Amino acid sequence: MQTIIFLLLTFLIVIFSILLYYKNKHSRVDKLNNGECPTCGAKTKTFYDENTKTTFKQEVINARLLKGGGCSGVNDIEYTCKVCGMKEVYSQSGNSNCGI
């Protein structure tokens, strides 16, 4: 009986650990897509010029496509922070822009 309870608790801990890992991973990707560095917390800066009535943006995150997946494949994107030098690569589903 103790073995069954131990195995059940171990199974539940493993499942919750996997779910927590994916939640953290997706929150990091969401921050990177919004222009915020998840490591150092740097955000995109915006400046407004009164003379020319123009808004300028200074991006902190640089996204670079490493491998395109085609019409229905997966794109590998490398995110680089200009402030702290952090580099991370994530796979994201493509935007089916096939024109069909």
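Does segment 53-66 hold any residues that are part of a strand (DSSP E or B) and under 16 Å from the mean Cα position of the chain (by Cα), and which are they? Lay out the reasoning, then the answer.
Initial filter on segment 53-66 (part of a strand (DSSP E or B)): 54-58, 61-66.
Passing the criteria: ILE61, ASN62, ALA63, ARG64, LEU65, LEU66.
Out of the residues in segment 24-52 that are open to solvent by 50 Å² or more (accessible area, probe 1.4 Å) and of a type in the set (Ser, Thr, Tyr), which is nearest to the chain's Cα centre (by Cα)?
Checking each candidate, the answer is SER27.
Return only the number of the condition from (1) closer than 15 Å to VAL60 by Cβ; (2) aromatic (Phe, Trp, Tyr); (3) part of a helix (DSSP H, G or I) that TYR22 does not satisfy.
(1)
Checking THR55 against (1) over 12 Å from VAL83 (Cα atoms); (2) surrounded by 11 or more Cβ atoms within 10 Å (Cβ to Cβ); (3) at pLDDT 90 or above; (4) not charged (D, E, K, R), only one condition comes out false. Which one?
Unmet for THR55, out of (1) over 12 Å from VAL83 (Cα atoms); (2) surrounded by 11 or more Cβ atoms within 10 Å (Cβ to Cβ); (3) at pLDDT 90 or above; (4) not charged (D, E, K, R): (2).
Any chance you could count how many residues in segment 58-79 are in contact with a helix residue (DSSP H, G or I) (Cβ under 8 Å, 6 or more places away or on another chain) and open to solvent by less than 50 Å² (accessible area, probe 1.4 Å)? Before you say what the answer is, go through the steps one by one.
Step one: list which residues in segment 58-79 are in contact with a helix residue (DSSP H, G or I) (Cβ under 8 Å, 6 or more places away or on another chain), which gives 61, 63, 79.
Those still in the list that are open to solvent by less than 50 Å² (accessible area, probe 1.4 Å) too: 61, 79.
Total meeting the criteria: 2.
The values are calculated or read from the model by the stated rules, or taken from the named source; none is laboratory data. Owing to the predicted nature of the structure, the values given are computational and were not obtained by experimental measurement. Every residue, glycine among them, receives a Cβ derived from its backbone with ideal geometry; neighbour counts consider all protein chains shown. Note: areas computed on protein heavy atoms with side chains; ligands, DNA, RNA excluded. Shrake-Rupley method; radii C 1.70, N 1.55, O 1.52, S 1.80 Å.
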